[in-house]
1. Quick check: anything in region 428-441 under 30 Å from Leu299 (Cα atoms), surrounded by 19 or more Cβ atoms within 10 Å (Cβ to Cβ) and within 60 Å of the chain's Cα centre (by Cα)?
2. Give me a count of the residues in region 149-168 that are in a loop (DSSP other than H, G, I, E, B), under 18 Å from Arg49 (Cα atoms) and of a type outside the set (A, V, I, L, M, F, W, C).
3. From the list Val105, Val96, pick out the single residue that is loosely packed, with under 15 Cβ neighbours inside 10 Å and assigned to a strand (DSSP E or B).
4. Being closer than 30 Å to Arg22 by Cβ, without any contact (Cβ under 8 Å) to a residue 12 or more places away in the chain, basic (Lys, Arg) and not in a loop (DSSP other than H, G, I, E, B), is that true of even one residue in region 287-295?
5. Could you please tell me which pairs satisfy a Cβ distance under 6 Å, a separation of 6+ or placement on different chains, a first residue in region 391-403 that is in contact (Cβ under 8 Å) with a residue 12 or more places away in the chain, and a second residue that is of a type in the set (Asp, Glu) and crowded, with 19+ Cβ neighbours inside 10 Å?
6. How many residues does region 399-423 contain that are assigned to a helix (DSSP H, G or I) and out of contact with any helix residue (DSSP H, G or I) (no Cβ under 9 Å at 6 or more places or on another chain)?
7. Name the single residue, out of those in region 113-130 being out of contact with any helix residue (DSSP H, G or I) (no Cβ under 7 Å at 6 or more places or on another chain) and assigned to a helix (DSSP H, G or I), that is modelled with the highest pLDDT.
8. What tally of residues in region 545-574 results from selecting those that are exposed (fewer than 13 other Cβ atoms within 10 Å of the Cβ), at pLDDT below 90 and hydrophobic (A, V, I, L, M, F, W, C)?
Amino acid sequence: MVGERYFAARERLLACVGDIRRLGEEIQLAEGGEGDEPSGLRELSRPLRVVALGEVNAGKSTLLSALAGAEICEIGPLPTTQRTIHYRYGSAEKEVEGKDGWLHVSKRHEFLRRVELIDTPGSNSGWREVVLADIGKFSKADLILMVFPSGNTWTAATWDLLSAVDDEALDRVLLVVQQADEKSAEDLRVIEGHMRELSVKKVGRELPILTMAAGLALEAKISPETARKGWSASRFSTFEDFFTREVCDSVAKRYVFDRTCQEATRLLRRIEDALDRQRRGMDDDGWFLAGLEREADELRELVVADADRTLVKLREPYEALVAQVGRALAGRLGPMRTFIGLLFGDRSATILEAQLAEKLQDMMADFSRQDAARLLNECEGHWGEVRPRVIERMGMDPGEAVTSGEAREGVIDHSVEETSKALPGLLQQLRLRGSLDGPLRSRNRRLKGMATLLFLLLIGAGVCGTLGVEPIATWLLLTAGGMALMSLLVTWVSGRRVVSDAKQRLMDSEAQVERAVRPFYIESVRDLFGAYSNGLIGVRRQLADRQADLAPQAEKWDALYLRLKMIEQELEEG
């Protein structure tokens, strides 16, 4: 195919530029003031245009079809082209009336992807004025074919058309003598000499001239096995060589290639700068996030440093708890319960310690719940400042704080659970049962002795009364009554002493409560802030994803740069 090397290079360059532009879109590169599309790319992307001008039956349609290698244009023994027809590629074959008066015909033929053909009415037909009016449009074609039949190369109508062509466009004009198979070689030499003279006379310069038989060439291309000899006689290969050399490999096309390569290189540089900016921006975003993480860490450490003052809040509920334990112990050391305990065994210490454990559990749960809610409010206040800064700086919305909403209760419950781990160690330090066992046993022994003596006195009084020894019986009863009063007094006094001592020991352990809870409280604070920091971790993951996306984009850039340089090198070597 004509211009194979040109079209192959063009397709490679267009594919490369297309990939470069897609990479620019991928990184959201804004247009850079070069218009909707770079001029070099726009020029390179459009198909070449070849227009054929000449008188009726000069063989214009046959010549264009032979160039395409198929019957693109309508061909017949009678004039068939009565208006300008523009043949172009289309996925569906159709004809469209253009506002320019042309008939635009779309055909599914691969050649038309590369070269569009413009067939015109005869220069000596009734459409002559229309052709002359469009000569400015024809002058923009990549190749202007002035077609003469070999039997009438001096026709004035075609030469007048040539005179109307712009001076700049004359560089793209080729004089074609069609139906050359009807003339001898000598006749063709004479014709060429005559046309050179007319060319100089009409346009002031000698234009290139080729003689050929396009009909033979078209037949050979359509039926190569049966028309091989006709191809040689058609001299059409000379025209294809001319097309390749003077159109495809022309200085103008080379300039378009160079300009497109320069535009692609500039676009690559802009993409490289954008990637560098993104990379630097992401590095800055990383430092920005690190600063936010430091803020969260500093907020956490302030809370940890303030732990002792926070734990002071435990004193008031602890003192109330001690008072409750004292009242419960006093109730169990009353006369009736003491008497029952003497008969069936005293479990006051065990029961009191169980009650103490339950009340301590409730106390620490209430404290942890309130304090965790306070800290979460502080975190949400901090997040209220962080979120707009992240949106403004990084262009991403981290959303609500991860410790808000439904997650809030889970964080609070975890803080309660973590602080409650202090309870077993705290109970061991308070040792309420151990501190009560000794005094209660001593008290019970004393009261048991008094109760035994009281029973003996009553028994003695009964015996004496039975024997009729009234004075002794009376004395024993009075003594028993005194002993009973003394037992009640001892019960009350010893009970108050045990309660007072127990409360004092518990109050003396107030500082131990704070020390026992402190490490577990600090751990719960760290866990709470760890949960809060997960919001920033989510932002950092998004940043990491962006940074990961840059790696393949940078690899694409490297590959595209090498592709473009290889294409440039091939063009220079060509």
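The values are calculated or read from the model by the stated rules, or taken from the named source; none is laboratory data. None of these values were measured; they are calculated from a predicted model. Glycine gets a Cβ as well: all are built from the backbone with ideal geometry, and neighbour counts include every protein chain shown.
1. no
2. Filtering region 149-168 down to residues in a loop (DSSP other than H, G, I, E, B) leaves 150-155, 165-167.
If we keep only those that are under 18 Å from Arg49 (Cα atoms) as well, we get 165-166.
In the following step, the residues that additionally are of a type outside the set (A, V, I, L, M, F, W, C) were identified as 166.
Counting residues in region 149-168 that are in a loop (DSSP other than H, G, I, E, B), under 18 Å from Arg49 (Cα atoms) and of a type outside the set (A, V, I, L, M, F, W, C) gives 1.
3. On the way: Val105 fails: loosely packed, with under 15 Cβ neighbours inside 10 Å.
The match here is Val96.
4. Looking for residues that are closer than 30 Å to Arg22 by Cβ, without any contact (Cβ under 8 Å) to a residue 12 or more places away in the chain, basic (Lys, Arg) and not in a loop (DSSP other than H, G, I, E, B), one finds none in region 287-295, hence no.
5. Met394/Asp285
6. Number satisfying all stated conditions: 2.
7. In this case the residue turns out to be Arg113.
8. Qualifying residue count for the region: 2.
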